[in-house]
Amino acid sequence: MLQQLVLYNSGWEEFIWKGKTYPLFQSLVFAILPLCLPCLCCSVPDFNFQGMGKLHSSFILPSIVNGVRNLSSFNFTLSSSVSTIATHMYVKGIPEKHDRFDNVDDALALFNKMIQKYPKPSLVEFTKLLTPLVRMKRYSLVVSMCSQLELSGVSHNVYSLSILVNCFCQLDRIDFGLSVLGKMLKLGVEPTVVTFSTLINGLVKASKFSLAVSLFDEMVEKGYQPDLITYSIILNGLSKIGDTDRAVRFLRLMEERGFKPNVVAYGTVIDCLCKNGLLEEALHLFSELKVKGNRPNIVIYNCLIHANFGQQKEVRRLLNEMMDNNISLDIFTYSILVDAYCKEGMVSKAEDIFGMMRKQGIGPDVVTYTALIDGHCLQNKMEKARGVFLLMIKEGCSPNIHSYNVLINGYCKAKMLDEAIELFNKISRTGPTPNNVTYTTLMQGMFQLGRVTAACKLLGKMLASGLVPSQVTCVILLDGLCKSDKLRVALKIFQTMRNSGLELDIIFYNILIDGLCKTGHIEEAKELFHKLSVEGLKPIVYTYTIMINGFCKEGLPDEAYRLFKSMGDNDCLPNSISYNVMVQGYFRNSSTLKATQLLAEMVEKGFSADLCTATLYADLLLRNDK
């Protein structure tokens, strides 16, 4: 019989198990019970939600069967990431008789032989068989075996159910993993720290970081003692969402609870700090790591070198420290250096690093080659970029789609559109498959060189390939049409985007308002500007500046000034460009007194006149002298 009660009170549901209250377990587990899995196809107890009536087994079991059907048709995709939970922990203390198999067929044959025996072998023997299959990443097979075990009358224990939880988490089905936890609680099988660690890891993998942290807190509150793996998982989750404050606090919490953070834990937080631009804090934690007797690894050095590249002195210090500690530069270090030097415009230094790594016997990979190609493209040295690209192929390193995108972008920027189209046609025939970036980059190049028809045809090809245009693609399309005197086409496409439910931000509106102003359709521009608040959008400084310029060009400087003055009321203070545009509008509409007064105000606020404003003011002075 069920020994648990599910209570509902003032909107807060609690799960009571063995006298303990589990609000999070209830919300996580029982919210998804209709999606239960094959191994739960037995003796589902009755539930009672106060105010909702009794849910009988006859109601739940069909849902379980449906869940089984869904599971069998689900296209499992194995995660390429390394599991942080060592699967041998699930059968800790159990001798591993079946540690090695020549192939999966051997394991299946053995399982079928064992399942047909009477009496059947103990669950321990089956667990010995399941564990190596998990190591072989045959997760869906293990799920099927667990289902067969239960249907054959073999009762599960905490080890086998924890294996099942791990398999579902590895198959990116955290919902089913949580259902197994529900099964454990109903059967009175007490989960272990490993069970919770596996679920927390699954939630982190599924980007459900807040739930992962909540489950961790609940676990600690109920008396479970997290191990180093559990702490590391949470630390990894906090770092992934860029929550630097909580990540650092969590590192301190580990120490307070008697767990000495290892190099990986420190490295995770240092990486998080670097990615969020907190370089000083990252270096401080790096120093602390060393003071506490830990030896930094190559991953941490690479992270710090990448983040600190603008500070050459610090980079040299880190590289020298690596050599002093006999830590050799790896392919990632060299690639970071090549990429950073290229982005800093120091391509010759990048080439020196590139040559050095080859002399050291470290073959450049696709990342290194692509970084150098990009460096030459940024310098508009397209022959050199093509030379590196051909060398890459000659050395047996296959370019990926990013490599092609970089080269296509370089050709477009250098106005070598025919070469860009030729390269695009090549990959369209032979691969790799062009992606959203490929199409968008080439489309932008076509618009910039006035090849509007070709750009529209390319968009058609993109749609025919099954790709959905990104927001960037749509922005480039509208901008290209507006700048190519195809304003009406752009407006129709814009309306289609709105009708289709595409989330349009202020950038889309700026493009069209600018296009309308430049073609003299100031009333339409004004109407679109006023629609922003209806759409839940706030104009930015650039939006106001477009409209101010549009009014001035139409001989309406006073209306332009009213809009200029209203910027502050909308928490959008004018900047240097706004002031210059307004001053120029007054000058061009012969409102010289107002222009000079606003110019004085602009200087008083710390803004400088640009070349155009200075020229107009100089012309005024010359006319006055005459």
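A few remarks follow.
- Rg/Rh for the stretch 539-626, where both radii come from Cα atoms and Rh is the Kirkwood radius: 0.97
- With R₀ set to 56 Å, the beta-carbon distance separating D106 from E314 gives a calculated FRET efficiency near 0.50.
- Proximal aspartates and glutamates relative to K394, as straight alpha-carbon distance under 13 Å, when same-chain residues fewer than 8 apart are discounted: D365
- Here the dipole of the stretch 96-328 is about 320 debye; that uses its Cα centre as origin and unit charges on the Cβ of Lys and Arg (positive) and Asp and Glu (negative).
- Taking 7 Å steps out from each Cα toward its Cβ at K260 and L279 produces label points 3.2 nm apart.
- Computed about the Cα centre, the dipole magnitude for the stretch 436-571 is approximately 580 debye when only Lys and Arg (+1) and Asp and Glu (-1) carry charge, each at its Cβ.
- Estimated FRET transfer efficiency (R488, C612; beta-carbon r; R0 30 Å; 0.05): 0.50
- Test item: Cα-centred dipole of the stretch 539-626, Lys/Arg +1 and Asp/Glu -1 on Cβ, debye: 200
- Here the residues C474, C612, ranked from fewest to most Cβ neighbours within 10 Å of their Cβ, fall in the order C612, C474.
- Ordered by the count of other Cβ atoms within 10 Å of each Cβ, fewest first, S500, S328, S162, S484 give S500, S328, S484, S162.
- Estimated distance in nm for a label pair at D571 and L593, the labels positioned 7 Å out from Cα along Cα-to-Cβ: 3.8
- Subset of K492/K518; K137/K205; K240/K531; K384/K457; K275/K313; K113/K205 violating a 28 Å alpha-carbon distance limit: K240/K531; K384/K457; K113/K205
- Placing dummy labels 7 Å off each Cα toward the beta-carbon, the span from D505 to E604 is 3.6 nm.
- Ordering V475, V180, V366, V134 by the number of other Cβ atoms within 10 Å of each residue's own Cβ, fewest first, gives V366, V475, V134, V180.
Only the coordinates and a few stated rules stand behind these numbers; no lab work does. If you're wondering where the values come from, they're calculated on a predicted model, not measured in any experiment. Using ideal geometry, Cβ is built from the backbone for each residue, glycine included, and neighbour counts are taken over all protein chains shown.
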